[in-house]
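Encoded as structure tokens, the structure appears first; notes follow it.
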Amino acid sequence: MTDRHHFPLESAAALGPSPGSLAADVFTHGTLSLEFYAPHGVDEQRTHTRDELYVIASGSGWFKNGDVRHRFATGDALFVPAGIDHRFEDFSDDFGTWVMFYGPAGGESGA
């Protein structure tokens, strides 16, 4: 993507995973990293060192966030603090999500 201010879903979904990653790198600015993640069949991601926010672009399923499991659907936002085990489960074939990592390793402090 050449425009650093507009990130069309269709363009992000067409990128495919970046080398050594499960997601496509879309944009970075300071500590913010924007990625697009669309696993097929099984979510194989591991725990991350930074806080992250998902915004579901398409599809539905279940999200395991630590010891809690939530249903999710298009348009939902999901927050995961740094260091918490999480993954998408039983998701639809059209599942895709924006992923935003931000802040320092270990996460930000907050309520």
Contact order relative to length of region 21-102, as percent, for alpha carbon pairs under 8 angstrom and 6 or more apart: 40 percent
For region 50-111, what is the convex hull volume of its Cα atoms per residue in Å³? 80 Å³
Find, among the GluC sites (Glu not before Pro) in region 1-103, those assigned to loop by DSSP (not H, G, I, E, B) with at most 13 other beta-carbon atoms within 10 angstrom. Glu44
Going by a ≥ b ≥ c, the root eigenvalues of the Cα gyration tensor, does the chain fall in the rounded group (a/c under 1.5), the prolate group (a/b larger than b/c) or the oblate group? oblate
How large is the helix-only mean residue ellipticity at 222 nm for the chain, computed as the sum of -39500 (n - 2.57) over DSSP H runs with n ≥ 4, divided by its residue count, in deg cm²/dmol to the nearest 500? -1500 deg cm²/dmol
Where trypsin sites (Lys or Arg not before Pro) in DSSP loops with at most 11 other Cβ within 10 Å are excluded, longest remaining stretch of the chain: 47-111
Based on the Cβ-Cβ distance from Asp94 to His6, what FRET efficiency comes out when R0 is 25 Å, to the nearest 0.05? 0.65
With r defined as the distance between the Cβ atoms of Trp62 and Ser21 and R0 fixed at 25 Å, what FRET efficiency is calculated, to the nearest 0.05? 0.60
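Any read-out appearing in this document is the output of simple, stated calculations on the displayed coordinates, not a laboratory observation. No experiment lies behind these values; they were computed from the predicted model shown. Note that we place each Cβ from the backbone using ideal geometry, even for glycine, and neighbour counts take in every protein chain shown.
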